[in-house]
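To start, the structure itself, in structure tokens.
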Amino acid sequence: MISPSSSPDSTVKDPGHPLVELSHVEKHFGSLHVLKDINLSVNKGEVLVVVGPSGSGKSTMCRTVNRLEGIDSGVIRIDGKELPQEGKELAMLRAEVGMVFQSFNLFANKTILENVTLAPMRVRHMSKADAEDLAMDMLSRVGVDSQASKMPSQLSGGQQQRVAIARALAMKPKVMLFDEPTSALDPEMVNEVLDVMVGLAKEGMTMICVTHEMGFARKAADRIVFMADGRILESGTPEEFFDHAQTKRAKDFLSKIL
Ligand code: ADP
Ligand code: MG
């Protein structure tokens with residue numbers, strides 16, 4: 001189903017198949033209105049990059065997509081199915097949304113391999129042997145398979161973040177959310193993580209990426225969404241956004257970061 005707000009757009013991939021849809025989403029934290037009439041439709045295979053000043057609601061919007069945060073009103077659909085409030089159905093839908101955060105969130109007391117096998121065994125009920133095969137595939141996909149038996153603290157930040165990506169991929173998600181995955185990394189490790197993300201994008205993964213890495217945004221994004229004060233103010237191709245921003249807020253933002 002296509003939300004009323006999603007207009008035909010020649011730049012989007014597979015426009016008949018929105019994998020993630022937010023329609024008239026509203027969210028408050030107490031008296032703070034953090035998401036204001038958010039309408040967004042991400043198609044299969046599309047790479048959406050979300051940019052905007054700190055505090056504009058980017059993380060909150062990402063977190064509502066798998067209900068780490070509830071919403072006050074509006075509708076969120078994953079692959080056409082409305083997100084349920086709770087229960088087993090929510091767990092299943094959540095499993096289809098891979099999430100990678102700024103802080104790597106690996107389980108410190110488990111090996112790299114165990115970090116990746118845990119959810120496939122618990123949520124997908126895979127056997128240990130199958131989960132380990134799968135985990136090694138995912139770890140080699142992000143180039144850290146040689147670290148499988150180590151503990152997270154023995155890895156660099158860039159390696160840990162790649163493990164976090166492998167862990168999310170092991171659930172075979174339909175969409176991957178990245179919330180500033182390189183912001184906590186030392187500069188020399190940023191590219192190894194961005195390269196993995198570019199690779200995923202090229203393989204056709206549907207992705208929503210919040211990032212301040214404008215080189216990545218230009219290179220990998222099919223579409224850029226600019227948020228400020230809880231609203232989506234602009235949505236367009238990288239060329240449209242970077243070279244022809246419409247709003248003063250976006251122009252100010254760009255003048256500070258470019
Ligand atoms: P961004 O990711 O764009 O920096 P956030 O989504 O983190 O923005 O935050 C949007 C606004 O909501 C900010 O004003 C922030 O302080 C506030 N906020 C975020 N999380 C919470 C929370 N759990 N409780 C109260 N306020 C929050
Ligand atoms: Mg944030």
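Every read-out reported here was derived from the displayed coordinates using simple, explicitly stated rules and does not represent laboratory data. Please read these numbers as outputs of a predicted model, since none were measured by experiment. Reconstructed Cβ throughout: ideal geometry from the backbone, glycine too, with neighbour counts over all protein chains shown.
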Original post:
Which whole-number value in Å³ per residue fits the convex hull of the alpha carbons of the chain?
Top reply: 131 Å³
**OP:** Would you pull out the residues with amide H under 5 Å of MET227's amide H, same chain only if 5 or more places away, H placed 1.01 Å from N?
**Re:** VAL51, GLY52, LEU233
**OP:** Take every DSSP beta bridge whose two residues both sit in the chain, then give the antiparallel share in percent to the nearest 5.
**Re:** 55 percent
**OP:** Could you pull out every one of the aspartates and glutamates with an alpha carbon less than 16 Å from that of LYS88, ignoring same-chain neighbours closer than 8 positions?
**Re:** GLU96
Subject >> Stretch gain in nm, segment VAL75-SER54, where the contour uses 0.36 nm per residue and the Cα spacing is subtracted >> reply: 5.1 nm
Subject >> Alpha-carbon spread of segment 188-232, three principal axes, descending order, Å >> reply: 32, 26, 14
**OP:** Just list whichever of LYS27/LYS174; LYS27/LYS256; LYS110/LYS202; LYS44/LYS256; LYS44/LYS202 have alpha carbons separated by over 21 Å in the model shown.
**Re:** LYS27/LYS174; LYS27/LYS256; LYS110/LYS202; LYS44/LYS256
Original post:
Taking the convex hull of the alpha carbon atoms in segment 159-258, what volume per residue do you get, in Å³?
Top reply: 111 Å³
Original post:
Tell me, what is the FRET efficiency for SER146 and ARG218 to the nearest 0.05, using R0 = 25 angstrom and their Cβ-Cβ distance as r?
Top reply: 0.20
Original post:
Taking H as built 1.01 Å from N, whose amide H comes closer than 5 Å to the amide H of HIS17, not counting residues under 5 places away?
Top reply: LYS44
**OP:** Place a label point 7 angstrom from the Cα of GLU188 along the Cα-to-Cβ direction, then list the residues of segment 147-161 whose backbone nitrogen is under 13 Å away.
**Re:** 156-158
**OP:** For segment 146-258, give the magnitude of the charge dipole about the Cα centre (Cβ charges: +1 Lys/Arg, -1 Asp/Glu; no others), in debye to the nearest 20.
**Re:** 320 debye
Original post:
Using a Gaussian network for the chain with springs between C-alpha atoms less than 10 Å apart, which of these wobbles most: PHE241, PHE107, PHE178?
Top reply: PHE107
